[in-house]
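Notes for the one structure printed next.
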Amino acid sequence: MSSLRGHLEHFGLQELLQTLSHGARTGTLQIERNDEKVSIVFETGHITLVRSGSSSQIRFRSILLRGGIVSETDLLQARKDQEETGLLLGRALIERGIIDDVQLSQALRLKVEEELFDLFLWENGTFEFFPELIQSTAEDEIHQVTRIQVDPMSVIIEGLRQADEWKVIRDRIKDLHWILVPVDGTPPPAESHSLYMLVDGHRSIDEVLALASTTRFDTCSVLYRFIEEGKLREATHGEMLKEAR
């Protein structure tokens, strides 16, 4: 039976995490918005697992790639091992000697933190806390083998900072389906050059985010700065129509 429930509009994520952390609670916090559902597992006040659907595995692979821990070839080989042996991705990479337990633990911690940071952008939704742990799935096994603990208070500090900056960014970048175009006559930036080169006048911001080696937040922060500095511009309506054809 649920022991805590409500709406994010009335009891925000910050207050939720603080309450469960300070109370050293153990159980599962489920947060829903439309068809999105995120489950956060607490053990004596620490977060040990976040389950956020199919995008969770995509994020995990992205973290491994952008950290330079693995290559695309490494991931392809490990995925073949998965199909043949049933090993989970992290364990398959360890078995091949591509990563070690410490690197896996760091990647899992980053994944959990980023999934939590995204929740700070939810302005509405419902939540329920259950005093029992959610039923484990095969995808969760890697967390049980490689134990991680995330301090909710550190997540709150960074999550609130990112949420404030996101509001400024999204006031300027209103749609991630936009196509950005390098402004003629402007020299390429000295910093974040590799990200700048991903903007080719054809890719949408969403496509750039998928290819970037940094987090979605950091990538959008840099793109926002490039737009403000006049190095990038939004594609015109005509250019967008041309790409759509």
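The values are calculated or read from the model by the stated rules, or taken from the named source; none is laboratory data. Owing to the predicted nature of the structure, the values given are computational and were not obtained by experimental measurement. Cβ: placed from backbone, ideal geometry, glycine included. Neighbour counts: every protein chain shown. Accessible surface is based on the protein model in full, side chains and every heavy atom, while ligands, DNA and RNA are left aside. Shrake-Rupley method; radii C 1.70, N 1.55, O 1.52, S 1.80 Å.
Yes/no per residue for (1) at pLDDT 85 or above; (2) open to solvent by less than 40 Å² (accessible area, probe 1.4 Å); (3) acidic (D, E):
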{"site": "I148", "(1), (2), (3)": "no, yes, no"}
{"site": "L160", "(1), (2), (3)": "yes, no, no"}
{"site": "A163", "(1), (2), (3)": "yes, yes, no"}
{"site": "S194", "(1), (2), (3)": "yes, no, no"}
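Among the residues of the stretch 48-80, those identified as open to solvent by less than 30 Å² (accessible area, probe 1.4 Å), in a helix (DSSP H, G or I) and farther than 30 Å from A24 by Cα are L64, L75, A78. Only one of the numbered conditions (1) touching a residue at least 60 places away in the same chain (Cβ under 8 Å); (2) part of a helix (DSSP H, G or I); (3) surrounded by 19 or more Cβ atoms within 10 Å (Cβ to Cβ) is not met by Q18, and that is (3). When restricted to residues that are assigned to a helix (DSSP H, G or I) and in contact with a Leu (Cβ under 6 Å, 6 or more places away or on another chain), the stretch 83-124 contains 3. Look at T28 and say whether it is at pLDDT 90 or above, part of a strand (DSSP E or B), out of contact with any helix residue (DSSP H, G or I) (no Cβ under 9 Å at 6 or more places or on another chain) and of a type in the set (V, I, T). Considered against the rule, which asks whether it is at pLDDT 90 or above, part of a strand (DSSP E or B), out of contact with any helix residue (DSSP H, G or I) (no Cβ under 9 Å at 6 or more places or on another chain) and of a type in the set (V, I, T), T28 comes out as yes.
Collect the residues in the stretch 173-192 that are open to solvent by 80 Å² or more (accessible area, probe 1.4 Å) and either of a type outside the set (D, E) or more than 15 Å from R233 (Cα to Cα) (or both), keeping them in residue-number order. Correct list: K174, H177, G185, P187, A190, E191. For the stretch 24-36, taking the residues that are open to solvent by 50 Å² or more (accessible area, probe 1.4 Å) and under 17 Å from F120 (Cβ atoms), the one that is nearest to the chain's Cα centre (by Cα) is identified as E36. Of the set (1) modelled with pLDDT under 90; (2) touching a Lys or Arg at 6+ places or on another chain (Cβ under 9 Å); (3) at negative phi, all apply to E243 but (2).
Apart from one condition, K111 fits all of (1) open to solvent by 10 Å² or more (accessible area, probe 1.4 Å); (2) modelled with pLDDT under 90; (3) not aromatic (F, W, Y); the exception is (1). Does G86 meet the test of being open to solvent by 40 Å² or more (accessible area, probe 1.4 Å), out of contact with any Lys or Arg (no Cβ under 8 Å at 6 or more places or on another chain), under 19 Å from Q149 (Cβ atoms) and not charged (D, E, K, R)? No, not satisfied.
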